[in-house]
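The values are calculated or read from the model by the stated rules, or taken from the named source; none is laboratory data. From a predicted model like this one, the values you see are computed outputs, not experimental measurements. In this analysis, Cβ positions are derived from the backbone assuming ideal geometry, glycine residues included, and neighbour counts consider all displayed protein chains. Ligands, DNA and RNA are stripped out before the accessible areas are found, and what is left, the full protein with its side chains, is counted by its heavy atoms. Shrake-Rupley method; radii C 1.70, N 1.55, O 1.52, S 1.80 Å.
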Amino acid sequence: MAAPLSLEHLTAHYGTTKVLDDLSLDVGAGELVSLLGASGCGKTTTLRLTAGFLAPTAGAIRLGDTDLTRLPAHRRNIGLVFQNYALFPHLSVLDNVAFGLKQRGMGSAERTRKADDMLQRVGLADLAERLPGELSGGQRQRVALARALVIEPQLLMFDEPLSNLDAKLRVDMRVEIRQLQRANGTTSVFVTHDQEEAFSISDRVAIMDAGRIRQFDTPEVLYQRPSNAFVARFVGFENLIPLTSATRQGSIVHAKGDGGISVVLDQEQLGAVPDRFTLATRPDGLRVSPDADAEGIPSTLGLRTYLGRAYHYQAETPAGHLVAAGPLSRPLDIGATARLVPELEQCCILPAEEAP
Amino acid sequence: MTGRLHPGLIAFAVLVYIFLMGPLIIVIGSSLSDTTFLTFPPQGLSLRWFERIFEMAAFRRTMVTSFQVATLATCFALIIGIPAAYALNRYRVQLPGWLSTLFVLPILVPEIVLGFSLLRSVQVGAGLPVFSTLLIGHTLLVLPYCVRVISASLASFDFSIEEAAISLGSPPWKTFFTVVLPNVRSGVIAAFILAFITSINDVSVALFLTGPGISTLPIQILAHVEQFFDPVIASVSVLLMFLTVAVMAVVERTLGLTFLTK
Ligand SMILES: Nc1ncnc2c1ncn2[C@@H]1O[C@H](COP(=O)(O)OP(=O)(O)OP(=O)(O)O)[C@@H](O)[C@H]1O
Ligand SMILES: [Mg+2]
């Protein structure tokens with residue numbers, strides 16, 4: 001039973017501190033959306049508001065046709081999976097999974113059957129009689145998943161469910177979660193601060209910072225076309241170069257920056273280039289050229305690091321400290337002067353950063 | 001550190017045991033004496049002093065009162081103490097730090113002072129009957145212990161478990177009974193035992209609050225030894241000890257079992 005979730009202009013406070021600031025988010029029916037952001041940016045708070053453990057100071061929460069904003073937590077029909085599993089230590093695995101069914105007034109025989117089925121699906125059928133304390137971390141997380149899924153919730157929410165597991169298990173489990181979610185078609189919100197995890201399993205990702213969503217889009221778009229400097233840095237565009245358009249000829253724009261920076265951009269590759277903007281590249285999108293007279297960013301090279309496919313150089317430029325890549329065939333030394341030339345297919349244009 | 005126990009350590013442990021068990025052995029030994037005076041080691045073996053308890057109405061009466069007061073006061077203290085400990089831990093971040101200190105502060109008040117002030121204000125002042133005042137006094141006496149012990153076991157309780165239960169459809173009040181209480185069971189049992197023993201052995205508070213009609217066993221023992229020196233007080237003590245252990249066993253069983261079958 002898939003229902004779309006919509007968070008509308010949510011503001012939340014802890015005491016007098018504002019932790020969510022006019023946050024809006026729409027999750028389509030059956031979609032899996034991740035909330036991604038650094039520690040303390042408000043991911044858990046967003047989940048707690050949706051689950052009903054915290055009341056928003058402003059805004060509304062809607063799930064399908066129901067307005068959840070004022071509905072008590074125990075009547076929201078949302079399945080939660082916690083970072084620390086939060087299994088009931090005094091109940092067997094089977095009773096943990098059957099707990100939600102019992103609350104719904106289901107008879108003992110039927111809930112045992114359903115809980116057993118669910119344990120089968122997560123591969124834990126033979127551990128039904130164990131206590132949670134007798135399980136491994138991965139098994140506990142599966143029980144938590146089964147417990148949340150068995151009530152057939154309209155919405156599933158995960159709060160960093162995999163961060164207590166080791167790297168290998170984390171990858172296995174996220175695939176498993178995605179498969180179960182797909183099979184059930186349950187609308188889901190997944191909180192994580194691991195970019196790879198978010199990008200690999202989500203339909204769309206909301207990148208959060210300081211209680212706001214900075215960009216909400218598919219992983220592909222976020223990775224290639226971040227819309228602001230915060231998201232750009234977040235997805236690895238380490239080099240942000242403030243520029244001004246000087247001359248335009250057809251789709252070609254000559255842009256200039258501080259200290260003799262001069263680059264040629266093609267709007268057919270980059271989209272519209274405004275008069276003032278920031279050019280963003282990853283290290284691999286900024287090529288080191290020993291030809292000191294070429295167009296580009298004048299620089300003095302610093303530390304060189306070997307990355308297998310290329311060298312990376314720490315470079316001092318008029319636009320500040322940048323990281324650029326150079327070919328393995330021609331290593332350059334510390335102190336050499338060089339031009340840094342952006343590879344247009346790996347660049348993106350951001351609105352000019354406001355002066356702080 | 002090696003795995004072998006140092007002989008000195010063993011000797012020390014043995015000494016501690018002797019020190020702890022000594023009084024117990026002396027009391028049990030004296031209670032079995034055939035003499036008319038309190039002596040250890042016992043001279044001759046007999047159960048006559050146990051029979052004597054039941055011939056003395058005062059001992060029987062006060063023993064019943066003591067058990068009634070201890071049971072009721074402990075239950076009241078738990079009824080107040082469990083929610084208090086819960087609130088103190090659940091809302092620890094929101095509540096001011098001194099609040100939990102406030103709950104254990106009464107431990108610092110000398111019990112005699114507690115007894116005396118209750119006598120003045122409740123018994124004489126409000127004119128409450130002896131038994132009720134005694135009950136109030138003992139509830140106050142054991143409440144801090146209940147809050148403290150249950151708080152200690154709630155301190156390691158993960159409250160996200162409670163939220164998990166609520167998200168699965170369990171109303172908050174019900175969650176308290178189905179999820180919170182079963183997980184602090186050992187704390188509740190420990191609090192019960194500690195409170196019960198404190199109440200049943202109390203002299204200082206009861207000294208002021210017992211009247212001519214109603215008294216507790218420790219007060220009766222006190223009154224008895226002021227006039228007699230026979231082994232009956234030893235046998236009363238032994239009986240009290242065994243009854244207390246029996247209550248503990250019952251509590252452990254019933255609380256343990258009912259929680260587990262939930
Ligand atoms: N109970 C609370 N009382 C006061 N402030 C809180 C409380 N819980 C969280 N905060 C604050 O609210 C902000 C958002 O917290 P939140 O838990 O939502 O972050 P998060 O994104 O989930 O971080 P993490 O990745 O570390 O879990 C933080 O600055 C945090 O300090
Ligand atoms: Mg969090």
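Worth a mention:
- Sole residue being within 16 Å of ligand 1 (Cβ to nearest atom), modelled with pLDDT of 90 or more and under 14 Å from A:Val33 (Cα atoms), chosen from A:Phe230, A:Phe158: A:Phe158
- Filter result (closer than 17 Å to A:Leu5 by Cα and in a loop (DSSP other than H, G, I, E, B)) within region A:140-157: A:Glu152, A:Pro153, A:Gln154
- Filtering region B:120-134 to residues that are closer than 17 Å to B:Thr216 by Cα and open to solvent by 20 Å² or more (accessible area, probe 1.4 Å) leaves B:Gln123, B:Pro129, B:Val130, B:Phe131, B:Ser132.
- Criterion applied to B:Val188, B:Val180, B:Val184, B:Val142 was being more than 14 Å from chain A (Cβ to nearest Cβ), hydrophobic (A, V, I, L, M, F, W, C) and open to solvent by less than 50 Å² (accessible area, probe 1.4 Å), and the one residue passing it is B:Val142.
- Residue within region A:9-19 that is touching a Leu at 6+ places or on another chain (Cβ under 6 Å), more than 22 Å from B:Ala164 (Cβ to Cβ), touching a residue at least 60 places away in the same chain (Cβ under 8 Å) and assigned to a strand (DSSP E or B) present: no
- Any hit, region A:70-86, residues being over 23 Å from A:Glu197 (Cα atoms), more than 10 Å from every other protein chain (Cβ to nearest Cβ), modelled with pLDDT under 95 and open to solvent by less than 50 Å² (accessible area, probe 1.4 Å): yes
- Residue that is nearest to A:Val171 (Cα to Cα), among those in region A:198-208 that are of a type outside the set (Ser, Thr, Tyr) and open to solvent by 10 Å² or more (accessible area, probe 1.4 Å): A:Phe199
- Among strands (runs of 3 or more DSSP E) entirely within region A:30-92, having at least 3 residues that are away from ligand 1 (no atom under 16 Å from the Cβ) singles out A:58-63.
- Test: residue in region A:296-305 that is under 24 Å from A:Asn228 (Cβ atoms), out of contact with any Phe, Trp or Tyr (no Cβ under 6 Å at 6 or more places or on another chain) and crowded, with 19+ Cβ neighbours inside 10 Å: yes
- Counting the residues of region A:161-181 that are open to solvent by 50 Å² or more (accessible area, probe 1.4 Å) and in contact with a Leu (Cβ under 8 Å, 6 or more places away or on another chain) gives 1.
- Qualifying residue in region B:146-163 (condition: more than 14 Å from every other protein chain (Cβ to nearest Cβ) and farther than 18 Å from B:Ile193 by Cβ): yes
- Residue that is of a type in the set (S, T, N, Q) and either part of a helix (DSSP H, G or I) or within 16 Å of ligand 1 (Cβ to nearest atom) (or both), where the choices are A:Gln215, A:Gln181: A:Gln181
- Residues in region A:11-24 that are under 14 Å from A:Ala60 (Cα atoms) and within 16 Å of ligand 2 (Cβ to nearest atom) were compared, and the one that is farthest from the chain's Cα centre (by Cα) is A:Ala12.
- Contact annotation: residue pairs with Cβ atoms under 9 Å, 6 or more positions apart or on different chains, pairing a residue in region A:35-47 that is free of Cβ contacts under 8 Å to residues at least 40 places away in the same chain and more than 14 Å from every other protein chain (Cβ to nearest Cβ) with a partner that is more than 9 Å from ligand 2 (Cβ to nearest atom) and of a type outside the set (D, E, K, R), are A:Gly40/A:Val19; A:Gly40/A:Ala210.
- Inspection of region A:93-101 identifies at least one residue that is open to solvent by 30 Å² or more (accessible area, probe 1.4 Å), more than 16 Å from ligand 2 (Cβ to nearest atom) and over 30 Å from A:Val231 (Cα atoms).
- Scan of region A:322-348 for residues that are more than 19 Å from A:Asp293 (Cβ to Cβ) and touching a residue at least 60 places away in the same chain (Cβ under 8 Å), ordered by number: A:Leu322, A:Val323, A:Glu343, A:Leu344, A:Glu345, A:Gln346, A:Cys347, A:Cys348
- Region B:35-64, subset touching a Ser or Thr at 6+ places or on another chain (Cβ under 7 Å) and either open to solvent by less than 20 Å² (accessible area, probe 1.4 Å) or modelled with pLDDT of 95 or more (or both), residue nearest to ligand 1 (Cβ to nearest atom): B:Thr62
- Residues being out of contact with any helix residue (DSSP H, G or I) (no Cβ under 6 Å at 6 or more places or on another chain) and among the small types (Gly, Ala, Ser) - total across region B:54-85: 1
- For A:His321, the conditions (1) open to solvent by 60 Å² or more (accessible area, probe 1.4 Å); (2) outside any strand (DSSP E or B) are fulfilled apart from (2).
- In the set (1) crowded, with 20+ Cβ neighbours inside 10 Å; (2) of a type outside the set (Lys, Arg); (3) at pLDDT 90 or above, the condition left unmet by A:Glu316 is number (1).
- Residue in region B:92-113 that is away from ligand 2 (no atom under 16 Å from the Cβ), open to solvent by less than 20 Å² (accessible area, probe 1.4 Å) and either in contact with a Pro (Cβ under 9 Å, 6 or more places away or on another chain) or assigned to a helix (DSSP H, G or I) (or both) present: no
- Residue within region A:49-56 that is away from ligand 2 (no atom under 16 Å from the Cβ) and open to solvent by 50 Å² or more (accessible area, probe 1.4 Å) present: yes
- Residue match in region B:166-174 (condition: of a type in the set (Phe, Trp, Tyr), away from chain A (no Cβ under 14 Å) and open to solvent by 20 Å² or more (accessible area, probe 1.4 Å)): no
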